1. For residue B:95, indicate whether it is closer than 26 Å to residue A:97 by Cα, part of a loop (DSSP other than H, G, I, E, B) and at pLDDT below 95.
2. Does residue A:84 satisfy the criteria of being surrounded by fewer than 13 Cβ atoms within 10 Å (Cβ to Cβ) and either in contact (Cβ under 8 Å) with a residue 12 or more places away in the chain or polar (S, T, N, Q) (or both)?
3. Across segment A:87-113, what is the total count of residues that are loosely packed, with under 15 Cβ neighbours inside 10 Å, part of a strand (DSSP E or B) and within 11 Å of another protein chain (Cβ to nearest Cβ)?
4. Show me the strands (runs of 3 or more DSSP E) found entirely inside segment B:7-79 where at least 1 residues are over 20 Å from residue A:43 (Cβ atoms), within 11 Å of chain A (Cβ to nearest Cβ) and not acidic (Asp, Glu).
5. Just to be sure, is residue B:65 modelled with pLDDT of 90 or more, surrounded by fewer than 16 Cβ atoms within 10 Å (Cβ to Cβ), within 27 Å of residue A:52 (Cβ to Cβ) and not hydroxyl-bearing (Ser, Thr, Tyr)?
6. Select, from A:51, A:57, the only residue that is in a strand (DSSP E or B) and modelled with pLDDT under 95.
7. For segment A:25-66, how many residues are of a type outside the set (S, T, N, Q), within 21 Å of residue A:86 (Cα to Cα) and either surrounded by 14 or more Cβ atoms within 10 Å (Cβ to Cβ) or within 12 Å of chain B (Cβ to nearest Cβ) (or both)?
8. Evaluate the following for residue A:76: is it assigned to a loop (DSSP other than H, G, I, E, B) and either closer than 30 Å to residue B:51 by Cβ or of a type outside the set (Lys, Arg) (or both)?
Amino acid sequence: AQKITQTQPGMFVQEKEAVTLDCTYDTSDPSYGLFWYKQPSSGEMIFLIYQGSYDQQNATEGRYSLNFQKARKSANLVISASQLGDSAMYFCAMTYGGSQGNLIFGKGTKLSVKP
Amino acid sequence: GAVVSQHPSWVICKSGTSVKIECRSLDFQATTMFWYRQFPKQSLMLMATSNEGSKATYEQGVEKDKFLINHASLTLSTLTVTSAHPEDSSFYICSASRGASGDEQFFGPGTRLTVL
C-alpha cells in the first residue's frame, strides 16, 4: 500500500537559517510524483515543489529544494534562508500509478520560524 | 493561471439541513475535480474524485448518499452535505486537474463548515 510518513509534528527554525522537513514514502509503483504543499493558518494549500520518480535531478524552486533519495524513499524539503512568513503547516504528498487522482498526504509538519 | 475558487469560504448551519459547496476552476477546464476533508490538526483525506459528466468515485468509508457530488461542467463541481450533523463540521477543500498531462492538482481555498 502507498504511504507518506512525516515524522516531525513540529519544527522550529531561526529566521534566515535553513531547515529540512523530512518525508519518506512507500509505494511499489515505479511511476510516482512527490509534492510539497504549504498550508498557512488561513487554510489554502499552496503548491511548493514537485519531483517525478524518473527525474534525475533534485527539484528546486527559489528557496525550496527537494532532496530526493530514491533508494531511501525519502523526499525531504529544504527551505533556505527561512522567513517569518514560512511559518505554516507543510504537507508531503504523493501521486502514484501515473494517475493524478491518487494523491495521498502525510500528516504534516508545523514549522515555526523564530525572529 | 490555474486558479480554483470555492464558495462559500465558511458556513454555519443547523443540524439536519443541507449545505452546498461550489468549486470552480476560473481560468482552465478541469477534467477532474477532487474533494478533500480536513479535520483540525489533521491531514487532508480524499473523499471523492469526480470527472465531468460522470458519477463521482468515492473513497472507502465516505457515504455517497450523504456527500453528493455533481461535476456538471468543466469548470464547476459541487459538494452537497445532506442532513448535516455536528460530526460533519470540518474544512472541505476541492482541487482541480486539467487531466490532460502532468500530475498537478490546483487547490481551492477551502470551505469551513460548522454544524450546530
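The values are calculated or read from the model by the stated rules, or taken from the named source; none is laboratory data. Only a predicted model underlies this, so the values are computations on that prediction, with no experimental measurement involved. Here the Cβ is made from the backbone with ideal geometry for all residues, glycine too, and neighbour counts use every protein chain on show.
1. On the way: closer than 26 Å to residue A:97 by Cα: yes; part of a loop (DSSP other than H, G, I, E, B): no; at pLDDT below 95: yes.
No; evaluated as a whole, the condition is false for this residue.
2. Yes: the conditions hold for residue A:84.
3. 0
4. Once the strands (runs of 3 or more DSSP E) in segment B:7-79 are filtered for at least 1 residues that are over 20 Å from residue A:43 (Cβ atoms), within 11 Å of chain A (Cβ to nearest Cβ) and not acidic (Asp, Glu), what remains is B:32-38, B:44-51.
5. no
6. A:51
7. 18
8. Against the criterion (assigned to a loop (DSSP other than H, G, I, E, B) and either closer than 30 Å to residue B:51 by Cβ or of a type outside the set (Lys, Arg) (or both)), residue A:76 does not qualify.
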